[in-house]
Amino acid sequence: MTDAGHDPESRVHELEAELARREAEVSDLVAIGVALSAERDLSVLLARIVAQACRITGADAASLYVVERPERGQPPTTLRFKLARNDSVQLPATGEFTVPISMTSVAGSVAVSRRPLNLPDAYNPPADAPFRMDRSFDTRFGYKSRSMLVWPMLSHADELIGVLQLINRKLGDGPLAAPADFETRVVPFDRRSEQLLSALSAQAAVAIENAMLYEDMAKAFDGFVQASVHAIEQRDPTTMGHSVRVASLTVELARQVDACDRGWLDPVRFGPDDLQELRYAALLHDFGKVGVREEVLLKAKKLYPGTLELILARFQYARQSAEVDMYRRKIELVERGAPRDELERLEAELAEQVRRLDESLRLIRAANEPTVLAQGDAGRLGEVAAMTYLTPEGDRRPLLLPGEMESLQIARGSLNASEVREIQSHAQHTFDFLSRIPWGRRFYRLPLIASSHHEKIDGTGYPRGLHTDEIPIQSKMMAVADIYDALTASDRPYKRAVPTPRALDILWLETKDRHLDADLVRLFVEGEVYRVADTAG
């Protein structure tokens, strides 16, 4: 008769069950590895690592530390506590903190030795253990940390990434609810737990390293964008904060669109990558200004300061010349013994010349302001342009040159036609410059979005004259934000800020002229998106 314990058939079943369990564990680890490698958000990734480590080993609690990476290649000296998990205790909200990489703590000693530590009874570590067990958590919450498995997470390059600490491997599911559970259900971590955690830690280290690299790249990328915005604003300080406000307004409008269930906007959705692309595009929408002459960007009045100084110098010279000529003629009259009335007529003639010069200068100063040219001033400027003065060489020269006259006759604003074209060229420059940057698959549309914020739905915009179906919705939203901020900005020295109600009215007028999309303006107004500008920039 065969002993039941050595029954070949029973042994086969045991081996089959063990094989099935091992296959399930391997399959589980593969699935975990795939899930971890796909996660780019570091905080989500770390939470998944802790959860999976507890699940595959049966641990009741866990905590995870990540190495603090110093700059300039210095060796790491601290671990940063990132998160903890406990199935038996409701953990309070705990911020991050650091512990030294030293032998004084359990996690620190594993970081120093880079070797795993398996403690069957954490309250009674080996006599030669250099670390001390911190019991403050157990005392506070009535918990008991008995078995502990602490594992260093090492990269493929054998670089320490972090430390994973598991506590209380337990028998059965459910929390350790009673004090007796810590005696009856908590067991040491076995060899299989070590094998599983070793495999998971290797996967976790690679995933964390990739996520941190991705995070570093994102920070560097964000820093590049912020530095670019700063460079733009340094060239044009009058628009300081404009790009940040436009970005905040545009992203908030996108959120309103995302929640809209009306009309053509119903199917439009913006995911995290879409919003980030939109934010970067809005921040860089004026990047092309680096290709516009600084004097044009900063031109606050119709005449450049140097040009006005030349005009003033001409008028001053003309006045002094008239005075010198009057004194010369007066001396001649006196030498001839001319009657007094002739001298008085000469002085009156000079006074009239000076009056005309002063009046002409007042007209030039008034016309130089970037406001609508007053009715009749164009004709009066023509009279000034006809005035001349005599050079020391005896040549007659105009007091106003043709180019100066053209600038003073600008009907509205401070730019002449060629300067307007140069300013408008910034949109094409934006596209050209941004197209040189390898944005990757996530942000490949960014150059088009950023450069199309001056397009109008009727096709009269620039730089490409796109019609409504050709303009990206992101650019349409940015156009609303850009116009609103340009109207309400209080930092423009050449114009007063328009009150919010008036600015919103102007947006509606732009929809009637088929420059802006009416549905987007409606969301901007009804959703009070404009309030975001009060806290941005």
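The values are calculated or read from the model by the stated rules, or taken from the named source; none is laboratory data. Quantities reported herein were computed from a predicted structural model and do not represent experimental measurements. Glycine also receives a Cβ, built like all others from the backbone with ideal geometry; neighbour counts cover every protein chain displayed.
Residue-level analysis places residue 471 outside the set of residues that are closer than 20 Å to residue 257 by Cβ and surrounded by fewer than 22 Cβ atoms within 10 Å (Cβ to Cβ). Only one entry of 312, 265, 278 meets the criterion of being at pLDDT 90 or above, out of contact with any strand residue (DSSP E or B) (no Cβ under 6 Å at 6 or more places or on another chain) and within 30 Å of residue 370 (Cβ to Cβ), and that entry is 312.
So which of 152, 188, 179 ends up being exposed (fewer than 13 other Cβ atoms within 10 Å of the Cβ) and touching a residue at least 24 places away in the same chain (Cβ under 8 Å)? Steps first, please.
Working: 152 fails: exposed (fewer than 13 other Cβ atoms within 10 Å of the Cβ); 188 fails: exposed (fewer than 13 other Cβ atoms within 10 Å of the Cβ).
After ruling out the rest, the residue left standing is 179.
Taken residue by residue, the range 360-375 has no member that is buried (at least 17 other Cβ atoms within 10 Å of the Cβ), touching a Ser or Thr at 6+ places or on another chain (Cβ under 7 Å) and hydroxyl-bearing (Ser, Thr, Tyr).
Has the range 90-106 got at least one residue that is in contact with a Ser or Thr (Cβ under 9 Å, 6 or more places away or on another chain), under 15 Å from residue 149 (Cα atoms) and not aromatic (Phe, Trp, Tyr)? Can you show your working first?
Of the range 90-106, the ones in contact with a Ser or Thr (Cβ under 9 Å, 6 or more places away or on another chain) are 98-103.
Among the residues that remain, those that are also under 15 Å from residue 149 (Cα atoms) are: none.
No: the range 90-106 contains no residue that is in contact with a Ser or Thr (Cβ under 9 Å, 6 or more places away or on another chain), under 15 Å from residue 149 (Cα atoms) and not aromatic (Phe, Trp, Tyr).
Among the residues of the range 87-98, are any part of a strand (DSSP E or B), free of Cβ contacts under 8 Å to residues at least 60 places away in the same chain and at negative phi? Explain how you work it out, then say what you get.
Residues of the range 87-98 part of a strand (DSSP E or B): 97-98.
Narrowing further to those that are free of Cβ contacts under 8 Å to residues at least 60 places away in the same chain: 97-98.
Pick out the ones that are also at negative phi and you get 97-98.
Yes: the range 87-98 contains one or more residues that are part of a strand (DSSP E or B), free of Cβ contacts under 8 Å to residues at least 60 places away in the same chain and at negative phi.
In this structure, residue 383 does not qualify as in the same structural domain as residue 323 (by TED's automatic domain parsing), over 19 Å from residue 309 (Cα atoms), more than 58 Å from the chain's Cα centre (by Cα) and assigned to a helix (DSSP H, G or I). When residue 280 is tested against (1) crowded, with 22+ Cβ neighbours inside 10 Å; (2) assigned to a loop (DSSP other than H, G, I, E, B), just one condition goes unmet, and that condition is (2). The set of residues in the range 178-199 that are within 50 Å of the chain's Cα centre (by Cα) and more than 11 Å from residue 60 (Cα to Cα) comprises 188, 189, 190, 191, 192, 193, 194, 195, 196, 197, 198, 199. Taking the conditions exactly as written (of a type in the set (Lys, Arg), at pLDDT 90 or above and assigned to a helix (DSSP H, G or I)), does residue 146 satisfy them or not? Answer is no for this residue.
In the set (1) outside any helix (DSSP H, G or I); (2) touching a residue at least 60 places away in the same chain (Cβ under 8 Å); (3) closer than 22 Å to residue 412 by Cα, residue 484 fails one condition alone, (1).
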